[in-house]
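Here the structure comes first, spelled out in C-alpha cells, and everything after it is commentary.
The values are calculated or read from the model by the stated rules, or taken from the named source; none is laboratory data. Quick caveat: nothing in here was measured; it's all calculated off a predicted structure. Every residue, glycine among them, receives a Cβ derived from its backbone with ideal geometry; neighbour counts consider all protein chains shown. Ligands, DNA and RNA are excluded from the accessible area calculation, which covers all protein heavy atoms including side chains. Shrake-Rupley method; radii C 1.70, N 1.55, O 1.52, S 1.80 Å.
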Amino acid sequence: MLPAEEITSSINGNDVLKLMASTDLKAAELLEAASDILAEQSRSPKSAVDETSSLLMVESGNMAKEKWKSDCVNIRSNGRTEQIKRENAEHRLSILSIVYNPTAHPTSYLDTLVNMLKGNVGCGILAMGDAFKNGGLFLSPVLTFIIGIICVYNQHVLVQCSKSVKQKLKLQHNPQFAETVELSFETGPQRFQSYSVFFRNSVNSFIVITQLGFCCVYILFVSKSIQQMLSWYNIQLDVHVSILISMVPIMISSLIRSLKFIARLSAIANVCMLVGLVVILYYCTVDLPPLSSRSAIAHWTTIPLYFGTSIFSFEGISLVLPLEQEMKKPKQFSTAFGVLNVGMVIVTSLIVLTGFMGYWRFGDAVRGSLTLNLPEEFLLSKVVISSMMFGIICTYTLQFYVPVEILWPKVEQRFGPFRSPLLWDTGLRVVLVLITFIAADVIPHLSLFISMMGAVASTFLALIFPPLCHMAVTSADDGGNGYGLFNWRLAMNCVTLVLGALGFVTGTYASVYEIFGAFQKVAITAAVTNTTGNNYTAPGVH
C-alpha cells in the first residue's frame with residue numbers, strides 16, 4: 001500500500017472531500033481504496049482511466065456513491081477475471097451516461113426553455129379538463145396559478161439549496177435532487193443530521209414511484225386510445241385486452257438502450273404532442289356553450305381530486321437542477337426573466353388554457369384525457385390520437401430510464417457482479433414494465449390514477465422536500481436569519497408544507513374513495529346485468 005503522503009499528493013484535497021461527502025466509506029477504507037486505485041493505475045493505465053472517467057461522469061450523489069463502492073469492490077477483487085470487470089464497467093457507462101455531462105454540450109437560453117417545456121407538457125395537461133370539472137370553471141384557474149407560484153418558488157429553493165451545499169462542501173460536481181436533500185440535512189442543525197440518509201432514500205423512492213406512476217398513466221392513455229379508435233370501427237374491446245395490446249409496443253420501446261436513438265424519438269414525440277395539443281385546443285373552440293352552463297365553483301368534496309391532477313401536471317421539478325447545470329450561462333436560469341420563471345409562466349398558462357377550454361367545451365362529459373372526447377366525425381381525430389399515442393410511447397421510454405438509473409446500482413450491489421450484465425438489465429426492465437402494467441390493469445381509470453399519483457408522490461417532490469431542504473440549509477448558514485424581511489421565506493415554507501400535507505391527505509383519500517366507488521359501480525352493473533338476464537330467460541325455460 002502507498003503511504004498516505006503519496007496518496008494525498010496524487011489526489012486533490014477537494015476530490016477527497018467530495019468522495020467522503022458522497023460515500024459511506026470510512027476514512028481508512030477510502031485511503032485503502034485510493035491506494036489500490038493508484039496501484040492499479042500504475043499497472044494498467046488505460047483501465048484506471050476508464051474507471052476514473054466512468055466515476056466522473058456521474059453527477060447524482062446516490063449514483064456516485066453506489067458507483068464508487070462497486071468500483072472499489074471490483075478493483076480489490078483479485079479473483080475475478082478482467083473480462084467480467086470490463087463488462088461491468090461498460091454496462092455502468094451505458095446506464096450512467098444518461099446523467100447529462102453539463103460541460104460536454106452546454107445549452108443556450110432558448111434550448112433550455114424548450115427542454116423545460118418538453119419536460120412539463122405530457123398526459124397531465126390533457127387531464128386538466130377533468131381537473132377543472134372537479135374544481136370549477138372559475139375557481140380552478142385561480143387555484144392553478146397559486147399552485148404554479150408555489151411550485152416555482154420551491155424550484156428556486158431547490159436550485160438555491162443545491163448551490164449552497166456545493167459551495168459549503170466545496171464539491172467539484174453539481175449535486176442532484178436526492179443528494180441536495182441529503183447534504184442539506186447532513187450539514188444542517190444537529191437535530192436534522194440524523195435524518196439525512198432517510199430523506200435521500202425517501203427522495204429516490206418517491207422519484208421511482210412518480211416515474212413509474214407516469215408510465216402507468218401512459219399505459220392507460222395508450223390503451224384508452226386503442227379502445228376509442230377501434231370503437232369507431234364497431235369493435236368493442238375490453239379495457240384489460242386493450243392494456244394487453246398496448247404492452248407489445250411499450251415493452252419493445254422500454255428495452256431500447258441507445259440514448260442517441262431515444263433522443264431522436266423524443267424529438268419526434270415532442271412534435272407529435274405539440275401538434276396534437278394545438279388541434280385539440282382548436283376543436284375545443286368549436287360550438288362553445290354558454291359559460292353559465294358550467295359550474296363556477298365545484299363542490300368541496302371534489303376539490304382534492306382537482307389538487308392531485310393539477311400537482312401531477314406540474315411534473316418537471318426533477319428536471320430543474322439538470323437543466324440549470326447544462327446551461328452555458330447558468331445565471332440565466334433563475335433570474336427574474338430567466339428560464340425557470342419564463343418557462344413556468346408558459347407552462348402554467350398552457351395548463352390553465354387547456355383545462356378551461358376542455359371543461360367549457362365538454363362540461364361534465366369531459367374525460368380523463370381530452371383526446372377521448374374527440375368524435376369520429378372530426379376529420380383530424382384519428383391523426384391526432386395516433387400521433388399522441390406514438391408520442392406517449394416514446395415518452396414512456398424516456399421516463400422509464402429514471403427508475404432504471406436509480407434501481408440498477410442497487411441490484412448490481414445486491415446480486416452482482418454479473419457475467420451477463422445485459423441479461424440482468426433486460427430482466428430488470430421487463431420486471432418494471434410488468435409492474436406498471438399490473439398497476440394500470442388493477443386501476444383502469446385514467447383520471448383517478450392521475451389524481452392519486454399527483455397526491456401521493458408528486459406532492460412530496462414538489463411541495464414537501466424543497467422547503468424542508470431550505471429550512472435545514474438556512475438554519476445552518478446564518479442562524480435562521482436568511483429568511484428575508486419579516487421572515488417571509490419561513491412563512492412561505494410553512495404555508496407550502498401545510499398545503500402539501502393537506503393535499504396529500506385529502507387528495508389520496510378522495511382518489512382512493514373514488515376508485516373504490518368506480519369498482520363498486522362496475523360490480524353493481526354486472527350484478528344487475530346478470531339478474532336481468534336471468535329474469536329474461538326464465539319464462540322461456542318454463
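Observations, loosely collected:
- Subset of Lys166/Lys329; Lys168/Lys328; Lys163/Lys329; Lys163/Lys328; Lys224/Lys382 violating a 20 Å alpha-carbon distance limit: Lys168/Lys328
- A cut-off under 10 angstrom between Cβ atoms defines the neighbours of Tyr195, and their net charge, with Lys, Arg +1 and Asp, Glu -1, is 0.
- Heavy-atom accessible surface of segment 275-341: percent carbon and sulfur, 1.4 Å: 67 percent
- In the context of the full protein assembly, Thr474 retains an accessible surface of approximately 10 Å², using a probe radius of 1.4 Å and ignoring ligands and nucleic acids.
- Solvent accessible area, Å² - Trp360, 1.4 Å probe, full protein context: 50 Å²
- Accessible area of segment 362-501 divided out per residue, in Å², using a probe of 1.4 angstrom: 40 Å²
- Förster radius 25 Å - calculated FRET efficiency between Trp488 and Ile146 (Cβ-Cβ, nearest 0.05): 0.95
- Solvent exposure of segment 168-293, expressed per residue, is 46 Å² of accessible area, with all protein chains present and a 1.4 angstrom probe.
- Relative contact order (%) - segment 319-453, alpha-carbon pairs under 8 angstrom, separation at least six: 16 percent
- 10 Å beta-carbon shell around Glu324, net charge (K/R +1, D/E -1): +1
- Rounded accessible area of Leu323 (nearest 10 Å², 1.4 Å probe): 20 Å²
- The distance separating the Cα centre of segment 228-293 from that of segment 510-528 comes to 26 Å.
- Per residue, the Cα convex hull of segment 359-421 amounts to 131 Å³.
- Two-decimal log10 I(q)/I(0) for segment 100-179, as the Debye equation yields it once each C-alpha is a single scatterer, q = 0.15, 0.17, 0.19 Å⁻¹: -0.79, -0.92, -1.03
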